[in-house]
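The values are calculated or read from the model by the stated rules, or taken from the named source; none is laboratory data. Please read these numbers as outputs of a predicted model, since none were measured by experiment. Positions of Cβ are backbone-derived with ideal geometry, glycine not excepted, and every protein chain shown enters the neighbour counts. Areas reflect the complete protein model, heavy atoms only, side chains present, ligands, DNA and RNA absent. Shrake-Rupley method; radii C 1.70, N 1.55, O 1.52, S 1.80 Å.
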Amino acid sequence: IARATFLSAAAGSASRCVATLLGGKSRQLMSACPLFLLSPLHASGFLAAAPLARSPRCAAVVSAESHWMDFLKFGGATPPFDVLSKTQEYVAATASAASDRGEYLPAPETYYADDYVFRGSIVGPISRRDVAETQKSFNLLGAYPDIDRGIFGLTVDPQNPYRVFFFERWTATMTGSIKIGPLTLPPSNKRIETPIHVTSITWNPDGKVVYESISPPVDRFEGNTKGAGAVFGLLAGAGLQLPASVGDPALIAQQKLNTDVFRGALGKTWSGEAEVPAWWKSTSKGAEPNDR
């Protein structure tokens, strides 16, 4: 009886701690799943939340831990501007980056912080200068002058008031050429539709974009690019179907050869260490698995 009582109390305490660490997820989750079999979906917040009592001991543990990307929360300060309006303005500026003549016209540099970083699932960390140079050399927007990013669903991150998420579903017709180093992909006149992906924009207190990221496709079975999203979807429309999986050994080797050996002859996948700001702590590059 004493053993059963102890185990019951321990399980209850563990459940309360896990509930706290998960940010207050549903009681059904805690009762239906063994403590050590919680899925990543639960931990990522995909289940509906229900209020649970917070254990003071667990709360102390949570508050004592910090993540290196908490830098982007700027000490919990409230943004001195409307982040949604600012993001809508920025989206409008970047959406018109291709002119009527098919030239690449980047958004004004005044939007970007000096310590800006872009990171996709298999690209980055990369500086603003390297992003602009790579986009210009590829001429992707010139090849798809009618591109529509199909942006919708802008929402502020409930855990970071400086960060805005939104969905994108690109549609475009390839009527121009794409240059990738010495390789030229001629117009295919193909109309493409990419799967939806999620983009996030993080501002700093000065109203500058400090961090930008995009996710892999949300549903790879959408569209007509065989699951390729964003830029990889545009390349697929040109007949170039490239691997885009995190941890793919062949892709990692190709990226290192191009970026570190040939100095980005086919477009940089990441920036040199000296060009990546100090706040970015991960040493994972391109398609390499997370190191933290």
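Which order do peptides 228-238, 73-83, 275-285, 109-119 fall in by mean Cβ count within 10 Å, highest first?
Taking the mean over residues of other Cβ atoms within 10 Å, the ranking is 228-238, 109-119, 275-285, 73-83.
Can you tell me which lysines have their Cα less than 24 Å from the Cα of K86? Leave out same-chain residues fewer than eight positions away.
Qualifying lysines at Cα under 24 Å: K73, K208.
How long are the semi-axes of the ellipsoid equivalent to segment 218-284, from square roots of 5 times the Cα gyration tensor eigenvalues, in whole Å, largest first?
In descending order the semi-axes read 26, 15, 11 Å.
Just round it to a whole percent: the fraction of Cα-Cα distances in segment 202-246 exceeding 17 Å.
The share of Cα pairs beyond 17 Å in segment 202-246 comes to 45 percent.
If the viscosity is 0.692 mPa s and the temperature 37 °C, what translational diffusion coefficient in µm²/s does Stokes-Einstein give for segment 239-278 when Rh comes from Kirkwood over Cα pairs?
Result for D is 292 µm²/s.
Where does segment 155-286 land on the Kirkwood hydrodynamic radius, alpha-carbon pairs, in angstrom? Each step should come with its number before you reach the end.
On the way: mean 1/r = 0.0594 Å⁻¹.
Mean inverse Cα-Cα distance, inverted, gives 16.8 Å.
Kindly sort T171, T184 by accessible area of their heavy atoms, largest first, with the probe set to 1.4 Å.
Sorted descending by solvent-accessible area, the residues read T184, T171.
What is the percent carbon and sulfur in the accessible area of segment 146-252, measuring with a 1.4 Å probe over the protein chains and ignoring ligands?
About 58 percent, which is the carbon plus sulfur part of the accessible surface.
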